[in-house]
Each structure stands twice: as structure tokens, then as C-alpha cells.
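First the structure, in the form of C-alpha cells, and then the observations on it.
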Amino acid sequence: MITVLLTTYNDANSLPKTVKSVLYQSYKNYELLIVDDGSNDDTQKVIEKFSDNRIRYVKIEHRGR
């Protein structure tokens, strides 16, 4: 199994397209780890709409790069 790491910050608008792109890959033995760098938009709500057990979501305090 591999981990696909996706970092995000206040990017709720393009996040669905990005997550779908990963989920629609032909290789299925992975987890998608989404690390939210303290977004204050609807990022968490967008992620919660996906019901795929390969998605792990972690929200941390905003640190930037």
C-alpha cells in the first residue's frame, strides 16, 4: 500500500476535482492523506462529502510553508 499526500489551505473550490482525480486512478491499493493547514473555508465540509474509507483527513494549526 502507498500513501498519497495532499496538502491544502483554503482551497475548497478546487478540492473536489483534486480528490476525485486521485480516487479515479486505476491503482486502488492506497490511502489518501489530506493535511489541512488550518483552512478557514469549507475545506473540511468538502472532504466530509466523500465516503471513501481510503481518505484520511487531518487538520493542523496554520503554519504555512
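Do you know the relative contact order of the chain, to the nearest whole percent, from alpha carbon pairs under 8 angstrom that are 6+ apart? It would help to have the intermediate numbers written out before the result.
On the way: 90 pairs, mean separation 26.2, N = 65.
Answer for the chain is 40 percent.
Just to confirm, what accessible area per residue do you get for the chain at 1.4 Å probe, in whole Å²? Each step should come with its number before you reach the end.
Values: 4690 Å² over 65 residues.
So the chain comes to 72 Å² accessible per residue, rounded to a whole number.
Along each of its three principal axes, how wide is the spread of alpha-carbon positions in the chain, in whole angstrom units, largest first?
Here the Cα extents, ordered largest to smallest, are 32, 20, 17 Å.
Work out, step by step, the length gained on full extension between LYS17 and LYS49: first 0.36 nm times the residue separation, then minus their alpha carbon distance; give nm to one decimal. It would help to have the intermediate numbers written out before the result.
Values: separation 32, 0.36 × 32 = 11.52 nm, distance 1.27 nm.
Using 0.36 nm per residue and subtracting the Cα-Cα distance, I get 10.2 nm.
Within the chain, what whole-number % of the accessible surface is contributed by carbon and sulfur, with the 1.4 Å probe and all protein chains included in the calculation?
Details: 2230 of 4690 Å².
Reported share for carbon and sulfur atoms: 48 percent.
The values are calculated or read from the model by the stated rules, or taken from the named source; none is laboratory data. Keep in mind it's a predicted model, so treat the numbers as computed, not measured. Surface areas here come from the heavy atoms of the whole protein model, side chains and all, with no ligands, DNA or RNA. Shrake-Rupley method; radii C 1.70, N 1.55, O 1.52, S 1.80 Å.
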